[in-house]
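Enquirer: I'd like to ask some things about the structure below.
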Amino acid sequence: MTTRLHVADFLPGEASCHFARTTFRSSGRSQAAPDYHCHDFLELFWVEDGSGVEVTPQGRHALRPGTITLVAMDDAHSFATDGSRCRIVNLAFRTALWQELRARLLPLAPDPFAVPGLKRLEAPASCLVDLALFVEEVEGGARSRAATERLLLNVLWLMERERARSRVKGPAWLSEAVAALTEPALLSQGTHALVQLSGRSAEHLAREARRWLGKTPTEVSYAARRLVVSEDSPLAICLDCGLANLGHFYRLFQARMHTTPQRWRKQQRRIVQPGA
């Protein structure tokens with residue numbers, strides 16, 4: 001059986017979000033079938049302590065400290081423990097708030113609440129320090145739209161940062177530098193930002209990037225930077241990077257930025273040059 005939860009029961013008055021910290025413990029009783037629930041709102045949660053299982057019609061998903069999950073409207077799920085306890089931090093908010101935020105700031109990005117591969121992240125437990133800072137405002141009682149949007153954007157940024165790190169093989173300093181370069185303020189500085197972020201010389205950075213990424217820092221960042229700050233066509237930028245095959249350039253760009261050059265240009269200009 002699936003119980004449907006309603007936003008009106010959680011968000012009275014002017015509140016834009018519902019915040020809770022909940023601990024699940026084993027009941028010690030076997031259960032023939034999961035007691036699912038779904039919502040008419042969106043939800044995100046992460047595990048602070050302990051371990052457990054999120055049960056969905058698609059299967060069982062292990063929960064451990066650092067696990068972050070996005071729950072879309074009508075996603076059915078339930079929780080179980082593995083014999084101990086599991087403490088989660090939960091944020092519930094109206095679907096309209098997310099739709100308006102996404103239309104305003106992230107119109108070209110995939111909707112993480114709608115793409116199965118983006119709904120769940122096994123972040124390292126060290127990310128709990130960042131999450132604790134992100135949630136301070138709401139945990140302190142703020143329920144405004146601005147506070148809710150800040151928390152949402154921070155958590156989504158952290159998820160993308162950790163995915164970027166996981167895609168980069170090689171030393172930790174290189175993956176962290178590449179992940180940080182996704183921030184628009186740093187992206188606009190190009191290769192110079194990578195050198196500063198890595199703490200290595202440009203020569204050493206170039207050797208390690210070629211070894212682990214198959215391309216130099218200039219090839220990693222130059223094309224993305226040019227798309228934002230110039231009016232040059234993707235073909236011109238492709239040739240300027242020393243690549244003769246436009247299709248190969250598109251594949252490299254898609255693998256690194258998860259979008260096409262044209263969409264990247266539009267999205268980043270909305271962020272780097274607001275009002276332009």
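Enquirer: I'd like the distance between the alpha-carbon centres of segment 112-136 and segment 140-174, rounded to an integer number of Å.
Expert: Answer, in whole Å: 7.
Enquirer: How high is the relative contact order of segment 30-81, in percent, counting Cα pairs under 8 Å that sit 6 or more residues apart?
Expert: Relative CO of segment 30-81 lands at 46 percent.
Enquirer: Quick one: 3J(HN,Hα) in Hz for segment 119-127, Karplus 6.51/-1.76/1.60 with θ = phi - 60°, rounded, Gly and Pro as x.
Expert: 7, 9, 9, 8, 6, x, 4, 4, 5
Enquirer: Quick one: order Arg161, Arg60, Arg150 from most to least accessible surface, probe 1.4 Å.
Expert: Order by accessible area, largest first: Arg60, Arg150, Arg161.
The values are calculated or read from the model by the stated rules, or taken from the named source; none is laboratory data. Predicted model only: the values in this text are computed from it and were never measured. Only protein heavy atoms, including side chains, enter the accessible area calculation; ligands, DNA and RNA are left aside. Shrake-Rupley method; radii C 1.70, N 1.55, O 1.52, S 1.80 Å.
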